[in-house]
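A.B. asks: So that we are looking at the same thing, I have put the structure below in structure tokens.
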Amino acid sequence: MTPFWIQHQAELYRFLHTRTGDDDLAADLLQELFLKARAAADHFCQMHNPRAWLYTCARNLLLDIHKSAKPLLPLDESMPAPEENPTAITQLAACLPEVLQQLSEEERELIELCDIHQRSQKQVAADKALSLTAVKSRLLRARRRLKQQMIATCTVEFDESAHICCYKKIR
């Protein structure tokens, strides 16, 4: 490894120097690169192209320098803190367990398996010995019924884009 390093040390320094424009930083990076090469000494000579490996390591060191050199801007103290009020959808989730209990057992089970437990419709069809088409249509009906029950049980208000904006539990 040492003869190879001596042979390529100057060209690696020039590579680092042209990208940093700083003699000391290029020398520091070259030293780090040498330490990486020494750490890989056991398999360095068996590498297909050790020179390419050194250049890859040098580029990674440069990337690390550029990432860490980004200045952090202090936050303006007058900047308002984010609101800690939960969104309407998050609040509406509290109503979901009650509404699920109002559905039939089959509808509730399909919604729980596919939507809550994230099982694929294909898996559910195989487990239930149903066709995939049957599961899809039953799940669609169950979701529609769930939506109707959510609107009936909780006063759901929609914005002009048909997104839920707020709700108020009736009971």
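A.B. asks: By how many nm would the segment from Ser120 to Arg14 grow when fully extended, if each residue of separation counts as 0.36 nm and the alpha-carbon distance is taken off?
C.D. replies: Numbers: separation 106, 0.36 × 106 = 38.16 nm, distance 5.59 nm.
Here the segment from Ser120 to Arg14 would lengthen by 32.6 nm.
A.B. asks: Going Cα to Cα from Lys128, which aspartates and glutamates come in below 12 Å? Please leave out same-chain ones fewer than 8 positions away.
C.D. replies: The qualifying aspartates and glutamates are Glu106, Glu109.
A.B. asks: Kindly state, to the nearest 0.05, the FRET efficiency for Ile6 paired with Leu35, given R0 = 22 Å and r defined as their beta-carbon distance.
C.D. replies: Values: r = 16 Å, r/R0 = 0.71.
Calculated value: 0.90.
Throughout, read-outs are computed from the coordinates displayed, never taken from laboratory work. Note that this is a predicted model, so its numbers are computed, not measured. We place every Cβ from the backbone using ideal geometry, glycine too, and count neighbours over all the protein chains shown.
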